[in-house]
Every structure is written in structure tokens, then in C-alpha cells.
Amino acid sequence: MMTNSKQDIQIMQKRVDDFISQFEEGYFSPLAMMARLSEELGELAREVNHHYGEKPKKSTEKDKLIEEELGDLFFVLITFANSLDIDLSEAFDISMSKIEDRDQNRWTKKENEV
């Protein structure tokens, strides 16, 4: 049975909360979360640069996947949202509605699309 994206995101947010809630330290402060998010984004940028850019990996560097770095970034984003009691599915709906309205005629539509 497939769930909708709102349910999927809520399940992910609960899974992260269940994990974080087992520790006395709990969630980090918003400023620390922002630093962690920036750190993970930098690691993703490094992997993308290695795979698609002009900077090859050093022979001593661990082989990581872009998918792994995206997952790390997503985990930190979820912890950040949870720490601020933000429902990511609602946040996404707000952003997507804004983007769909604002950018609906911004680019050239494909011929076969209705």
C-alpha cells in the first residue's frame, strides 16, 4: 500500500523524533542545527564536485555517494524542523504552491505536456 507524500514526511519526522528523544541531550539549538545543515550541504557539494566537477578525489579520500550525502542533509533538515516544531509537509505545500503560481510561465513548457 502506497502512502501519500504528507504521510511519508510525517513518518520520517516521527522516526527522527523517536531516535532523538531517546537521548538526554535532545535536539540541538537552532543555531547549532543551522551549522550542521551548512556542514552537510558542504559535504554534498564536495561529492557533487568530485563526480561532476573538475576536482577529482584524492586517493586517500573515502568513497561516498551523493545519495548518502543527500540522506545526511535530509536527516539534519528533519531534525531542524522537528526542533522548531515545524511540519515539513505543510512547509513544503506552502512553498510548492508559491512556486507553482510564481513560476508556471517562467520556462518553456514541453510540447507533449498538457
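Those helices (runs of 4 or more DSSP H) of the range 1-90 in which 2 or more residues are over 14 Å from the mean Cα position of the chain (by Cα) and among the basic types (Lys, Arg) occupy 5-20. Within the range 40-67, the residues that satisfy the criterion of being surrounded by 13 or more Cβ atoms within 10 Å (Cβ to Cβ), modelled with pLDDT of 90 or more and charged (D, E, K, R) are Glu40, Glu43, Arg46, Glu47.
The values are calculated or read from the model by the stated rules, or taken from the named source; none is laboratory data. What you see is a predicted model; the values in this text were computed from it and never measured. In this analysis, Cβ positions are derived from the backbone assuming ideal geometry, glycine residues included, and neighbour counts consider all displayed protein chains.
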